[in-house]
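> Have a look at this one before I ask anything.
Bear in mind these aren't lab numbers, they're just calculated from the coordinates by the rules spelled out. Predicted model only: the values in this text are computed from it and were never measured. Because the Cβ atoms are built from the backbone with ideal geometry, glycine has one as well, and the counts that use them run over all protein chains shown.
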Amino acid sequence: VEYSFDRPIDPVQLQRLLQTTGWAADRTVEEIERLLSGSPLVIGAWDGDRLVGFARALTDGVFRALIDDVVVHPACRRSGIGTELMRRLLERLNGVEEVFLRCGAEVVPFYERLGFARASCITMDHVSNDEENGHP
Ligand SMILES: CC(C)(COP(=O)(O)OP(=O)(O)OC[C@H]1O[C@@H](n2cnc3c(N)ncnc32)[C@H](O)[C@@H]1OP(=O)(O)O)[C@@H](O)C(=O)NCCC(=O)NCCS
């Protein structure tokens, strides 16, 4: 498996990967192109020409970093790819004051192993924004 921050990511391949998730299954190729060009830090994992893993961070590089869209192809899970993607992303974010993410309860152990802990502060969602996006 090859990891890279620089190798171009094919939006169609990323769309297929995201279709295996619960939160990003309906993103269009155009939206994914904007996601890629708008994210300062994106990392991919390839098995040959096949994109098998992805993660990204939105960050100013100093104070805040939001990690999002961490995904490994279902057939390739539990072989260390997710850990390696996160390890490399966290290395790039070294020194950033707050590095955070949102996740489901089922992956809490995965992130705990990587040094994350449950936050004590409250996350607020802008509900009207969610409604406009079709998320109740
Ligand atoms: C979460 C995810 C990215 C992990 O990727 P991965 O390549 O399977 O992770 P790794 O092989 O590096 O796992 C390392 C360790 O994390 C833990 N872990 C990984 N996935 C886990 C899960 N679903 N539940 C509990 N522990 C998990 C295990 O301890 C695992 O070690 P082990 O296999 O020796 O037991 C992957 O399962 C995935 O894509 N899930 C669907 C999308 C998702 O939920 N992403 C997170 C969004 S916030």
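> Check the stretch 117-131 and report whether any residue there is touching a residue at least 24 places away in the same chain (Cβ under 8 Å) and among the β-branched types (V, I, T).
Quick first cut of the stretch 117-131, residues touching a residue at least 24 places away in the same chain (Cβ under 8 Å) only: none.
Looking through the stretch 117-131, none of the residues is touching a residue at least 24 places away in the same chain (Cβ under 8 Å) and among the β-branched types (V, I, T).
> Then there's this: Being within 15 Å of the ligand (Cβ to nearest atom) and under 15 Å from V1 (Cα atoms): is that true of F116 here?
no
Residue-by-condition table, conditions (1) of a type in the set (D, E, K, R); (2) free of Cβ contacts under 8 Å to residues at least 24 places away in the same chain:
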| position | (1), (2) |
| --- | --- |
| L41 | no, no |
| G48 | no, yes |
| L51 | no, no |
| R64 | yes, no |
| R78 | yes, yes |
| G82 | no, no |
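> If you scan the stretch 66-79, which residues turn out to be more than 8 Å from the ligand (Cβ to nearest atom) and over 20 Å from L36 (Cα atoms)?
Hit for the stretch 66-79 is A75, nothing else.
> Here is a further query. What single numbered condition from (1) part of a strand (DSSP E or B); (2) within 7 Å of the ligand (Cβ to nearest atom); (3) of a type outside the set (K, R) fails to hold for G82?
Of everything listed in (1) part of a strand (DSSP E or B); (2) within 7 Å of the ligand (Cβ to nearest atom); (3) of a type outside the set (K, R), G82 misses just condition (1).
> Now a separate question. Taking the condition of being away from the ligand (no atom under 13 Å from the Cβ), loosely packed, with under 12 Cβ neighbours inside 10 Å and outside any loop (DSSP other than H, G, I, E, B), how many residues in the stretch 85-111 meet it?
The qualifying residues number 2.
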